[in-house]
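Below is one structure, written out as structure tokens; the observations come after it.
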Amino acid sequence: MKNVGFIGWRGMVGSVLMDRMRQENDFEGLNATFFTTSQAGQPGPDGAPLQDAHDLPSLMKMDILLSCQGGDYTKAVHPGLREAGWKGYWVDAASALRMSKSSIVVLDPVNRKLIDEGLENGIRDFIGGNCTVSLMLMGLQGLYEQDLVEWTTSMTYQSASGAGAKNMKELVSQMAELGDAGRYLASDPAAEVLELDRLISAKLNDGSLPIDQFGAPLAASLIPWIDSAMDCGRTREEWKGMAETNRILGTEAHPIPVDGQCVRVGAMRCHSQAITLKLKKDVPLEEIEALIKGANEWVEFVPNQKADTLARLTPAAVSGTLKVPVGRLRKMIMGPEYLTCFTVGDQLLWGAAEPVRRMLLILLGRI
Ligand code: HSE
């Protein structure tokens, strides 16, 4: 039985991972050890004392380490483990090692071949991708796989969960305060809507809403900036779009351009994306639809109709599920090679926990 150490299992992504693993009975047939950065010695989820997540000798006893602890922890511990000669597999949800030459960014429905080749070639670091990139690729795998895509623009509508647990709470607190302020006018049929709007606008701007996490109101607003500034006016989140898409697809030598604007919106845990694709040739819409549908078992094609869109292509409909619906598909007026579509996915499942969970299953020889 493999010894598998878990770090960061109590945080948001880690908790989603633990839930998925319990749901699927993944803990059967492995020796799990739970590590902690702050509560060593206290009882863990299996009753055994938690191990110190900074103690290299304890970590080195593991065949596989799976971390959802975050990039700072990875940077603090991973180099030391490798320098000390640890030969185990490191599976990580954080971005710290994604661009390292000795890692593979994992999204197995899309790049299982790359993962298997990496395993054969002695790669030992397997890293989950950026949520937006993974969700885009899960939705549009069929088109990339056929080498049909000349370039992609993705305009994102990213949920609060992508920024962290405290941000989700801050969003709801902002919503609650706005709700409290506007309730009596919103429910009064005789009230002037512009009076309600004035009241909400004043509340958004009077400095009373909690904004410690986001730095600006998100409820009843949006924030067109995610992560830090990079070159060429891009944010880091926008930069990841191209860098990680090509890393996952194994197309870094001849990268497919991916660019767009990443925007935080008031959704809880589903990222959405409005995508424009330029195809390398004119492909009939029915063929495109078939390619999208057939690519993996989680993608769902949503007909470009209002009722289907409202029922199936929203964060509310997708949250908490592994579905990756793709809809609003049509050719654009720019020409027959220009395609637009919309896709939604759970940022904590396929966007974070599921790719690393499945990488663990691959290492255990279960899938
Ligand atoms: N960077 C993403 C976001 C989350 O801020 O939504 C994780 O990939």
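The values are calculated or read from the model by the stated rules, or taken from the named source; none is laboratory data. All of these numbers come straight from a predicted model, not from anything done at the bench. Cβ coordinates were reconstructed from backbone atoms using ideal geometry, including for glycine residues, and neighbour counts include every protein chain displayed. Just so you know, the surface numbers come from the protein's heavy atoms only, side chains and all, with ligands and any DNA or RNA stripped out. Shrake-Rupley method; radii C 1.70, N 1.55, O 1.52, S 1.80 Å.
Go through the residues of region 5-13 one by one and say whether even a single one is in a loop (DSSP other than H, G, I, E, B) and crowded, with 21+ Cβ neighbours inside 10 Å. Yes: region 5-13 contains one or more residues that are in a loop (DSSP other than H, G, I, E, B) and crowded, with 21+ Cβ neighbours inside 10 Å.
Based on what the data block shows, is Glu195 without any contact (Cβ under 8 Å) to a residue 60 or more places away in the chain, open to solvent by 10 Å² or more (accessible area, probe 1.4 Å), within 16 Å of the ligand (Cβ to nearest atom) and assigned to a helix (DSSP H, G or I)?
On the way: without any contact (Cβ under 8 Å) to a residue 60 or more places away in the chain: yes; open to solvent by 10 Å² or more (accessible area, probe 1.4 Å): yes; within 16 Å of the ligand (Cβ to nearest atom): no; assigned to a helix (DSSP H, G or I): yes.
No, not satisfied.
Listed conditions (1) in contact with a helix residue (DSSP H, G or I) (Cβ under 7 Å, 6 or more places away or on another chain); (2) under 24 Å from Ser95 (Cβ atoms); (3) surrounded by fewer than 18 Cβ atoms within 10 Å (Cβ to Cβ) are all met by Thr343, apart from (3). Selection within region 143-186: residues that are over 19 Å from Ala295 (Cβ atoms), over 14 Å from the mean Cα position of the chain (by Cα) and open to solvent by less than 20 Å² (accessible area, probe 1.4 Å). The member of this set that is farthest from the ligand (Cβ to nearest atom) is Leu185.
The residue that is farthest from the ligand (Cβ to nearest atom), among those in region 338-352 that are within 18 Å of Ser159 (Cβ to Cβ) and not in a helix (DSSP H, G or I), is Phe342.
Contact map, region 153-165: residues that are farther than 25 Å from Thr340 by Cα paired with residues that are within 8 Å of the ligand (Cβ to nearest atom) and among the basic types (Lys, Arg), Cβ distance under 7 Å, separation 6+ or inter-chain. Pairs shown: Ala163/Arg264. Here is a check on your reading of the model: is Glu289 under 17 Å from Ser134 (Cβ atoms), more than 16 Å from the chain's Cα centre (by Cα) and of a type in the set (Asp, Glu)? Considered against the rule, which asks whether it is under 17 Å from Ser134 (Cβ atoms), more than 16 Å from the chain's Cα centre (by Cα) and of a type in the set (Asp, Glu), Glu289 comes out as no. If the condition is being in contact (Cβ under 8 Å) with a residue 40 or more places away in the chain and either more than 15 Å from the chain's Cα centre (by Cα) or part of a loop (DSSP other than H, G, I, E, B) (or both), then region 14-23 contributes Arg20, Met21. Could you please let me know if Pro189 is more than 13 Å from the ligand (Cβ to nearest atom), in contact (Cβ under 8 Å) with a residue 12 or more places away in the chain, farther than 22 Å from Ala96 by Cβ and not small (Gly, Ala, Ser)? So Pro189 does not fit the description; no. Quick one: would you say Arg269 is within 11 Å of the ligand (Cβ to nearest atom), in contact with a Leu (Cβ under 7 Å, 6 or more places away or on another chain) and of a type in the set (Lys, Arg)? When the stated conditions are applied, Arg269 passes them. Filtering region 321-331 to residues that are over 19 Å from Pro109 (Cα atoms) and either touching an Asp or Glu at 6+ places or on another chain (Cβ under 6 Å) or open to solvent by 40 Å² or more (accessible area, probe 1.4 Å) (or both) leaves Arg328, Arg330, Lys331. From the list Glu238, Glu252, Glu286, Glu300, the one residue that fits, being out of contact with any strand residue (DSSP E or B) (no Cβ under 6 Å at 6 or more places or on another chain) and under 26 Å from Val16 (Cα atoms), is Glu238. For region 186-231, the tally of residues that are more than 26 Å from Gln158 (Cβ to Cβ) and in contact with an Asp or Glu (Cβ under 6 Å, 6 or more places away or on another chain) stands at 0. Answer yes or no: is there a residue in region 125-137 that is surrounded by fewer than 17 Cβ atoms within 10 Å (Cβ to Cβ) and farther than 19 Å from Ser319 by Cα. No, there is no match, as no residue in region 125-137 is surrounded by fewer than 17 Cβ atoms within 10 Å (Cβ to Cβ) and farther than 19 Å from Ser319 by Cα.
If you take the residues in region 222-244 that are open to solvent by 60 Å² or more (accessible area, probe 1.4 Å) and at pLDDT 95 or above, which one is nearest to the ligand (Cβ to nearest atom)? Show your work before the answer.
Of all residues in region 222-244, those open to solvent by 60 Å² or more (accessible area, probe 1.4 Å) come to 222, 224-225, 227, 229, 231-233, 236, 239.
Filter once more, keeping what is at pLDDT 95 or above: 222, 224-225, 227, 229, 233, 236, 239.
Numbers: Leu222: 13, Pro224: 13, Trp225: 10, Asp227: 6, Ala229: 14, Gly233: 18, Arg236: 8, Trp239: 11 Å.
My answer is Asp227.
Scanning region 245-258 for residues that are at negative phi and more than 16 Å from the ligand (Cβ to nearest atom) returns Asn246, Leu249, Thr251, Glu252, Ala253, His254, Pro255, Ile256, Pro257.
Residues checked against (1) open to solvent by 30 Å² or more (accessible area, probe 1.4 Å); (2) among the polar types (S, T, N, Q); (3) in a helix (DSSP H, G or I):
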{"position": "Glu287", "(1), (2), (3)": "yes, no, yes"}
{"position": "Asn304", "(1), (2), (3)": "yes, yes, no"}
{"position": "Pro336", "(1), (2), (3)": "yes, no, no"}
{"position": "Glu354", "(1), (2), (3)": "no, no, yes"}
{"position": "Leu361", "(1), (2), (3)": "no, no, yes"}
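For Pro325, the conditions (1) part of a helix (DSSP H, G or I); (2) farther than 30 Å from Tyr89 by Cα are fulfilled apart from (1). Taking (1) open to solvent by less than 20 Å² (accessible area, probe 1.4 Å); (2) within 16 Å of the ligand (Cβ to nearest atom) in turn, Leu140 satisfies each apart from (2).
Run down Leu56, Leu50, Leu65, Leu97 and say which single residue is in contact (Cβ under 8 Å) with a residue 40 or more places away in the chain and open to solvent by less than 60 Å² (accessible area, probe 1.4 Å).
On the way: Leu56 fails: in contact (Cβ under 8 Å) with a residue 40 or more places away in the chain; Leu50 fails: in contact (Cβ under 8 Å) with a residue 40 or more places away in the chain; Leu97 fails: in contact (Cβ under 8 Å) with a residue 40 or more places away in the chain.
Criteria check complete, one pass: Leu65.
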